[in-house]
Amino acid sequence: MNAPLLQIDDLRVSVAGTAVLHGVSLTVRAGEVHAIMGPNGSGKSTLAHVLAGRPGYTITGGAVRFDGTDLLAMAPEERARAGLFLGFQYPVEIAGVNNAYLLKAALNARRRQRGEAEIDAFDFLNMVRAKMRVMQIDEALLTRGVNEGFSGGEKKRNEILQMLVLEPRLAVLDETDSGLDIDALKVVGRGINTLRSPDRAVALVTHYQRLLDHVVPDQVHVLARGRIVRSGDRELALELERRGYDWLLEAAAAVA
Amino acid sequence: MSALERLLGEFEAQPAPAGARLAAAQALRTHGLPTRREENWRYANLRALEGVARFLPAAPPAPGTRLPPLPEALAGYTRLVFVDGRLTTAWPQPDAAQITRLPMDAAVAGDAAATMFETTGDGRMGLIARLFAPDPLSLRIAGPAALELIFVTTSGAAGSYAEIAIEIATGAQVALVERHLGCAAATLPPEAPASLNCSNLRLRLAADAQLRHTRLQQAAGNALHYHTLSASLGDRGSYSLAHISAGDGSDRSSAQIRLQGREATVRIRALAAACDSGIADAQFTVLHEAPGTRSDQLFRGIASDRAHISCSADVQVLPGAPGSRVLQSLRGLIDGKGAEVNLRPRLTIDTDDIQAAHGATTGRLDEDLLFYLLSRGLEPAAARSLLKWAFLGEAFGAIEPPALRRAAELAAAARLSDAPATELLQ
């Protein structure tokens, strides 16, 4: 069994004085895909953003190690350069910063971290174009502002494109499937599967199991009321699809 | 004794003032200088005017006086260099066959609208330039031409004044570059008194005339700048103004653009970048006076450290201007604990059947955008500079040729607390 890539122990988080995560524990090993599911307000996005280092959250307890290092002690950019990628549920638009520039700057930041030389401009373009074809993204979007004027589907595909370019060790994808039509879901699923390898891991945060038709998870966890209340294999996602979350919420309430 | 009394006293002590200069003195005596009690001057640095020791223009520079290095010439442009307000370029220039020099008094007398702006409106500081400009320059441009005006100063103790009137004939296409370089930083000690720089530029575009105008204020040193601009456009006249305020010291620009002819169009791209305790204050008034006229105004400003930036943008659509279109977008970024940005958009509509959109926002760097870039591994300083550069980007778009755009970008970049990466510059 591979060593843990991400080890979360009893993580407790509050936002503006309100506790949101009440002790989350989770282990993700290299080569694995984990799906984190749960109803609205269960703390899924909070967990994703805390892992990426977003300001505004207070860690009130617990620990997170990423590849053996204390993740919570790292700045957001250090986490990214160490190989953690957050796919945003609502990718921001940045007018005036073109996609190609951001991709190259981000990639070179990672390369510098690994002691590698900055990528040659020609090699970069060839590599990005190949990955854009995988994601069925029009090359013209490279010279546009980051997500500027993109459709919802284009924004999500652009997030996965960034992930493919940066080749993170751990990708945390926060509801990447929301707002996607069936075809776009397939494309996004293909992109995620492209990243799967024995030395990488993916944590998919999602409401629905439909993305899991395309990206089959090794483990499924249900986060409810700030705790992981059930873990299982893909069958658990299918059961949630049939029964909803209420039965688990009731069970969680009984435990609490 | 007030600055006004002193400057009028110095003016009257000169031998035999006459013509437009005398009228300017009379107008100043009657209407006075602007004060901060006036809404359009609330954020201007007028107090510093009281500290000016001497208003008379600098004496001609002694032979061998070291001038600031001039930027490389722009290909295809006729360059005129003003040193302390004195035209040092021989005239006429062989490559300026389309340009004729005219008497200034006639140009002043022939533009009543500009005169009103200068006497009772926000153009009063332009009258100081008229009082003292040693080489007023009035030009008529009959055909395609490209003109570069360079202003440098050699003295921190005396004023530098320029008055220029340009009339562009029917159908002529003109590119005009105005660069205020100030004094070479090395030639003035840091404790030197603030130098006073006043310019007054009048533009008249006949029917179908087109003007692309770039004004770049990048003066180093402790300088006071007061620039006044008035422009009037005839039928289908087209005026594009790129205004970049990126100097040290304090800068006030007052502009009035009158769309007098049918379907006349003005496009303003203004940018201000100020740091330390710099002040950049811009005021634009656009008057839609004829049917089918269009104005498109964009302002972007970043105030760092303790700098103050303000922009007052006043668009008036008068009763005779149905079918007009107005776009106005003002945005400011506060990037320092003591920094301040004041934006004042105003839109007055006195006619039916117009399309107008305007908005103004001031704030600090968007934390969501910043986190997005950090989450991609960018260093915080690199992320901040990238966002600031993107913020200013739209305002650079109007600047041509590329060499001038690069100069404008470098000047602005020097006023930001996080310098942009080299590859972001043109």
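Between the helical axis of A:182-195 and the dominant principal axis of chain A, each derived from Cα atoms, what acute angle in degrees is found, rounded to the nearest 10?
80
Count, for each residue of B:365-373, the Cβ atoms from other chains sitting within 10 Å of its Cβ, then give me the mean as a whole number.
Numbers: counts 0, 2, 3, 5, 6, 3, 11, 12, 10.
That works out to 6 on average.
Taking a probe of 1.4 Å, how large is the accessible area per residue of region B:268-426, in Å²? Can you show the working numbers first?
Numbers: 5800 Å² over 159 residues.
Accessible area per residue: 36 Å².
Who wins for biggest fluctuation among B:Ile268, B:Ile349, B:Ile399 in a Gaussian network model of chain B, springs between alpha carbons below 10 Å?
Maximum among the listed residues: B:Ile349.
Taking Cα centroids, how far is region A:126-176 from region B:246-317 in Å?
Using only Cα atoms to place each centre, the spacing works out to 38 Å.
According to a simple spin-label model (label point 7 Å from Cα along Cα-to-Cβ), what is the distance in nm between A:Ser151 and B:Arg36?
It is 5.5 nm.
Lysine pairs in the protein assembly as shown 8 or more apart or on different chains: how many have alpha carbons under 23 angstrom apart?
Taking the protein assembly as shown as the scope, the lysine pair count is 14.
Just the accessible area per residue of region B:76-171, please: how many Å² with a 1.4 Å probe?
32
What are the residues of region A:69-88 that lose 20 Å² or more of accessible area, with a 1.4 Å probe, going from their chain alone to all protein chains?
At a threshold of 20 Å² (probe 1.4 Å), the residues of region A:69-88 that become less exposed are A:Pro76, A:Glu77, A:Ala80, A:Arg81, A:Phe88.
With n ≥ 4 as the cut-off for DSSP H runs, can you work out [θ] at 222 nm for chain B, using -39500 (n - 2.57) per run divided by the number of residues, rounded to the nearest 500?
When only DSSP H runs of four or more count, the value is -6000 deg cm²/dmol.
Modelled label-to-label distance, B:Thr348 and A:Glu167, 7 Å Cα→beta-carbon offset: nm?
6.4
Looking only at A:Phe122, A:Phe150, A:Phe66, which one moves most when chain A is put into a Gaussian network model with springs between Cα atoms under 10 Å?
A:Phe122
As a test, work out the antiparallel percent of DSSP beta bridges whose residues both lie in region A:4-255, rounded to the nearest 5.
Rounded to the nearest five, the antiparallel share is 60 percent.
When the accessible area of each residue in region A:100-145 is compared between its chain alone and the complete protein assembly (1.4 Å probe; ligands, DNA and RNA ignored), which residues differ by at least 40 Å², being lower in the assembly?
Those residues are A:Tyr101, A:Leu102.
For region B:3-365, what % of the accessible area comes from carbon and sulfur atoms, probe 1.4 Å? Display every interim value, and only then the final one.
On the way: 6950 of 13490 Å².
Carbon and sulfur: 52 percent of the exposed surface of region B:3-365.
From Cα pairs below 8 angstrom and at least 6 apart in sequence, can you work out the relative contact order of chain B, rounded to a whole percent?
10
Computed on protein heavy atoms with a 1.4 Å probe, what is the summed buried accessible area for the chain pair B and A, in Å² to the nearest 100?
The contact between A and B buries close to 1900 Å².
Using the Cα centre of the protein assembly as shown as the reference point, and only Cβ charges (+1 on K/R, -1 on D/E), how large is the resulting charge dipole? Debye, rounded to the nearest 20.
So the magnitude is around 320 debye.
Rounded to the nearest 20 debye, what is the charge dipole size of region A:4-255 about its Cα centre when +1 sits on each Lys and Arg Cβ and -1 on each Asp and Glu Cβ?
The calculation lands at about 200 debye.
So what's the gap between the Cα centers of region A:6-72 and region A:180-200, to the nearest angstrom?
23
Roughly how many Å² is the accessible area per residue of region A:4-255, as a whole number, for a 1.4 Å probe?
On the way: 10310 Å² over 252 residues.
Ligands and nucleic acids excluded, the figure is 41 Å² per residue.
If we count every other residue with Cβ under 15 angstrom of B:Asp235's Cβ, Lys/Arg +1 and Asp/Glu -1, where does the sum land? Intermediate values should be presented prior to the final figure.
Details: positive: B:Arg204, B:Arg236, B:Arg258, B:Arg262, B:Arg294; negative: B:Asp208, B:Glu263, B:Glu289.
Once all neighbours under 15 Å are counted, the net charge is +2.
Shielding by partners for B:391-398, please: the mean number of other protein chain Cβ atoms within 10 Å of each residue's Cβ.
Counting Cβ atoms of other protein chains within 10 Å of each residue's Cβ and averaging gives 2.
Which percent of the accessible area of region A:4-255 is formed by carbon and sulfur heavy atoms (probe 1.4 angstrom)? Numbers along the way, then the final one.
Values: 4960 of 10310 Å².
The C+S portion of the solvent-accessible surface of region A:4-255 is 48 percent.
The values are calculated or read from the model by the stated rules, or taken from the named source; none is laboratory data. Small disclaimer: the values here were computed from a predicted structure and weren't measured. As a convention, Cβ positions derive from the backbone with ideal geometry for all residues, glycine included, and neighbour counts pool all protein chains shown. Remember, those area values only see protein heavy atoms, side chains included, never the ligands or the DNA or RNA. Shrake-Rupley method; radii C 1.70, N 1.55, O 1.52, S 1.80 Å.
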